[in-house]
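To keep things clear, I will list the structure first and then write my remarks on it.
The values are calculated or read from the model by the stated rules, or taken from the named source; none is laboratory data. The shown structure was predicted, so the numbers you read here are calculated from the model rather than taken from an experiment. All Cβ positions, glycine included, derive from the backbone under ideal geometry; neighbour counts span all protein chains shown. Note: accessible area is taken over every heavy atom of the protein model, side chains too, but ligands, DNA and RNA are not part of it. Shrake-Rupley method; radii C 1.70, N 1.55, O 1.52, S 1.80 Å.
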Amino acid sequence: MTDTEMLESGNMKIDWVLNHMPVLNIIREQFAKEKPLAGHKVAMALHVEAKTAALVETLAIGGAKVAITGCNPLSTQDDVSMALHNKDNIQCFAKYDCCNEEYYEAIDKVLDMKPDITIDDGADLIFKLHTERTDLLPEILGGCEETTTGIHRLKAMERDGALKMPVIAVNDAMTKFLFDNRYGTGQSSWDGIMRTTNLLVAGKNVVIGGYGWCGKGAAMRAKGLGANVIVTEIDPIRALEARMDGNSVMPMKEAAKIGDIFLTTTGNRDILNREDFEVIKDGAILANAGHFNVEINLEDLKAMAGSVRTVRNNIKEYKIGEKRVYVLADGRLVNLAAGDGHPAEVMDMSFANQALCVRYIAENKLSNGVHAVPHELDIGVAEMKLMSMGISIDKLSDEQEAYMAGWETGT
Ligand SMILES: NC(=O)c1ccc[n+]([C@@H]2O[C@H](COP(=O)([O-])OP(=O)(O)OC[C@H]3O[C@@H](n4cnc5c(N)ncnc54)[C@H](O)[C@@H]3O)[C@@H](O)[C@H]2O)c1
Ligand SMILES: N[C@@H](CCSC[C@H]1O[C@@H](n2cnc3c(=O)[nH]cnc32)[C@H](O)[C@@H]1O)C(=O)O
């Protein structure tokens with residue numbers, strides 16, 4: 001593609017998703033009128049694709065200067081990156097399939113803008129701010145974190161007294177994780193796996209590693225596609241929930257022997273490792289929708305494999321003796337590295353929360369530490385979403401409110 005074609009393609013992708021992000025559009029209109037971010041500089045490390053671009057534009061419309069890079073070397077869409085970089089008050093440094101060095105250089109370039117607000121997906125910017133770029137910390141009003149694992153890390157920093165800035169845990173908003181992690185990951189992971197492999201899911205043994213919000217969504221959609229679903233867990237309550245939802249539950253060592261397609265969603269490392277690869281079936285397909293590229297132990301796989309070759313776009317074949325094991329998207333998020341990420345209607349809510357939280361940071365002085373998304377913002381996003389869907393709901397009558405709040409009335 002020529003640069004002109006790339007630009008056009010990126011802008012068309014952004015226009016398409018914007019037509020399906022009604023809540024973000026309402027916020028854009030408010031931001032255009034009120035300019036609540038005038039004078040602020042927002043640094044971002046998120047998946048650079050069309051829905052993220054819609055958020056970046058919204059912040060710029062609100063008056064902010066924005067610099068962004070990716071949060072995963074394989075999720076960047078270069079046409080969208082170029083389209084963003086060509087807009088007023090926006091710089092974008094993300095590049096698809098960049099090497100480790102380029103990835104961290106781009107994070108430095110974003111921080112060179114001397115931001116006062118950050119948005120992370122996996123805490124990369126905040127980590128840099130607390131290690132090599134501590135000189136920038138005094139200017140920081142606060143940050144937002146998009147994902148579960150990022151929040152785990154930030155809470156660990158807070159526990160150790162190491163977190164020197166306020167951060168809002170956007171992932172933990174109800175209008176984020178209940179929809180994005182569950183229905184978003186549920187749909188987009190299978191979209192990534194199916195478009196990449198062009199294989200059938202029905203009738204296969206699908207093994208889902210982890211039954212958190214992402215795992216529940218992925219298992220639900222696998223069942224809907226006709227798979228026999230097996231869940232692995234370390235948490236007894238979630239394991240029980242998986243069983244009662246109709247899935248089989250067993251240790252990975254057992255599941256490894258019978259699985260056809262494996263999808264990890266734990267946020268943890270080594271969910272599939274050497275002892276699993278030893279017993280795994282010929283032709284097994286491995287994908288990750290959890291965090292970075294550590295859930296499938298690729299080092300173990302490489303060490304065991306006699307040969308490795310690319311057999312199809314985004315599919316690597318590892319040959320262990322006569323056995324073939326296929327890894328999708330190098331073990332990185334299959335929904336973003338081998339697909340277009342979550343559906344626009346879902347990111348509409350996640351990114352509405354982001355935009356409102358950035359405004360909240362700009363307008364309120366927060367103490368250092370991890371903060372919840374203010375409940376009124378979370379509820380507001382749900383109300384706007386329902387309204388955009390043409391759904392109205394009941395209201396408590398005065399009598400009902402009094403009844404729910406009181407204790408005097410017996411049965
Ligand atoms: N692909 C995406 O677009 C996407 C979307 C949202 C979240 N995420 C990421 O997915 C991961 C999971 O997020 P979540 O919100 O579902 O988290 P969660 O905490 O709700 O669920 C994780 C589950 O994994 C289980 N687990 C941990 N270690 C395990 C092990 N060794 N074996 C089996 N199960 C194990 C935990 O008990 C828990 O139930 C995180 O890394 C998050 O950042 C990815
Ligand atoms: N940066 C890490 C962290 C996991 S990303 C998981 C986050 O990606 C977000 N996400 C999923 N789909 C999209 C999308 O299409 N655009 C932007 N963000 C997305 C989602 O909100 C989720 O919390 C990594 O790449 O491994």
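Values as computed for the structure displayed
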read-out: Among beta bridges that DSSP assigns inside the chain, antiparallel share in %, nearest 5; value: 20 percent
read-out: The chain: relative contact order as a whole-number percent, Cα under 8 Å and 6+ apart; value: 16 percent
read-out: Cα centroid separation, the range 7-44 to the range 104-146 (Å); value: 22 Å
read-out: Among the listed pairs 95/257; 33/114; 13/281; 128/281, those beyond 32 Å (Cα-Cα); value: 95/257; 13/281; 128/281
read-out: Protein accessible area in the range 1-77, 1.4 Å probe - carbon and sulfur %; value: 55 percent
read-out: Separation in nanometres of the label points that stand 7 Å from Cα toward Cβ, at residue 250 and residue 15; value: 5.3 nm
read-out: Projected area averaged over orientations for the chain, convex hull of C-alpha atoms, nm²; value: 23.5 nm²
read-out: Relative packing of peptides 102-108, 190-196, 367-373 - highest average C-beta neighbours within 10 Å first; value: 190-196, 102-108, 367-373
read-out: Gain on full stretching of the segment that runs from residue 409 to residue 35 - 0.36 nm per residue minus C-alpha separation; value: 129.6 nm
read-out: Packing-based ranking, highest mean first, of 174-183, 44-53 given that Cβ atoms within 10 Å are counted; value: 44-53, 174-183
read-out: Estimated distance in nm for a label pair at residue 137 and residue 160, the labels positioned 7 Å out from Cα along Cα-to-Cβ; value: 1.3 nm
read-out: Surface accessible to a 1.4 Å probe, per residue, for the residues of the range 99-254, Å²; value: 44 Å²
read-out: Violating pairs (Cα-Cα greater than 28 angstrom) within the set 176/302; 155/385; 51/216; value: 176/302; 155/385
